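The values are calculated or read from the model by the stated rules, or taken from the named source; none is laboratory data. Everything numeric here is computed off the predicted structure, so don't read it as measured data. Backbone-built Cβ (ideal geometry, glycine too); neighbour counts: all protein chains shown. Ligands, DNA and RNA are excluded from the accessible area calculation, which covers all protein heavy atoms including side chains. Shrake-Rupley method; radii C 1.70, N 1.55, O 1.52, S 1.80 Å.
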Amino acid sequence: MKRRVRPPTNAQAAHERASLLTPVAKAFSTDIGNEVASLGVQVHGGMGYIEETGAAQHYRDARIAAIYEGTNGIQAIDLVTRKLPLAGGATVTAYIGEIKRTVAAVNASNDAAFGWTGVRLQDAVDALERATHWLLGSQRNDLDAALAGATPYLRLFALAAGGALLAEEALAAMRLAGNGADAVGRTAIARFFAENLAVQAASLERTVVEAADSVTDADAALA
């Protein structure tokens with residue numbers, strides 16, 4: 001007798017979505033925190049390296065965040081090996097579908113303030129979708145290749161998802177224009193992210209899909 005597979009409950013689907021996004025939120029935000037704190041040291045020049053400015057303390061404080069609660073490399077491995085396969089890949093597929101709808105809404109708005117936001121986010125989401133399908137297949141056929149691409153994949157995921165979330169926030173502000181929402185500012189932030197950060201998605205996809213051998217064969221360089 002064939003066993004009937006029940007569709008996930010709302011609670012189960014929400015739990016799986018939170019599980020998928022947890023490593024992305026933790027690793028990406030703390031990596032960016034390190035980058036910002038490092039730039040803060042540099043902005044102060046030589047004075048940033050000594051204690052009077054406090055910039056060095058901020059950098060030390062930020063640095064531990066990428067280590068606590070699972071180092072960010074472990075978070076990336078968790079994302080690729082445990083979170084992508086949730087519900088047979090349906091959880092990540094549904095989320096990519098959601099951010100695709102946000103990108104479509106940006107394009108449909110036809111607002112010049114978005115600049116190239118829609119195009120750049122569409123490229124990023126397409127790169128994420130292709131890399132995701134590749135990783136799901138690689139886990140079955142070549143786990144080492146999947147692991148080699150885990151860290152760049154997490155960054156790719158975060159750039160596509162983060163760009164879409166900022167764009168969604170800008171769209172919401174446009175709908176609430178006149179009610180205290182800063183549509184101009186939110187749209188400028190979304191555009192900056194899409195045109196300056198999300199554009200890295202294509203190269204990250206190539207790293208995930210094509211560069212595994214350069215990682216797994218790196219022992220030759222260390223001999």
Original post:
Mind listing which chymotrypsin sites (Phe, Trp or Tyr not before Pro) in region 128-223 are in a DSSP loop and have 11 or fewer other Cβ atoms within 10 Å?
Top reply: none
Original post:
Put M47, M174 in order of accessible area, largest first, 1.4 Å probe: what do you get?
Top reply: M47, M174
**OP:** Give me the accessible area of Y68, 1.4 Å probe, in Å² rounded to the nearest 10.
**Re:** 140 Å²
Subject >> Accessible carbon and sulfur surface of region 1-146 relative to its total accessible area, %, 1.4 Å >> reply: 57 percent
Original post:
Given the Cα-Cα distance of D213 and H15 and 0.36 nm per residue of separation, how much length would full extension add, in nm?
Top reply: 67.8 nm
Subject >> Over the chain: helical MRE at 222 nm, DSSP H runs n ≥ 4 each giving -39500 (n - 2.57), nearest 500 >> reply: -23500 deg cm²/dmol
Subject >> Extended-chain gain in nm, criterion 0.36 nm per residue less alpha-carbon gap, I64 and V184 >> reply: 39.7 nm
**OP:** At 1.4 Å probe size, with every protein chain present, just tell me what the per residue accessible area of the chain comes to in Å².
**Re:** 58 Å²
Subject >> Most fluctuating residue given options V80, V36, V103, as computed from a GNM of the chain linking Cα atoms under 10 Å >> reply: V36
Original post:
How do T71, T9 rank by accessible surface area computed with a 1.4 Å probe, from largest to smallest?
Top reply: T9, T71
Original post:
Taking the Cα centre of each part, how many Å lie between region 151-194 and region 16-77?
Top reply: 22 Å
Subject >> Kirkwood Rh and Cα Rg combined as Rg/Rh, region 63-215 >> reply: 1.03
**OP:** For region 120-213, run through the trypsin sites (Lys or Arg not before Pro) and keep only the ones in DSSP coil with at most 14 other Cβ atoms within 10 Å of their Cβ.
**Re:** none
**OP:** Could you state, as a whole-number percent, how many of the C-alpha pairs of region 137-219 are farther apart than 18 Å?
**Re:** 54 percent
Original post:
Can you tell which of A127, A177, A167 shows the greatest fluctuation in a Gaussian network model of the chain with Cα springs below 10 Å?
Top reply: A177
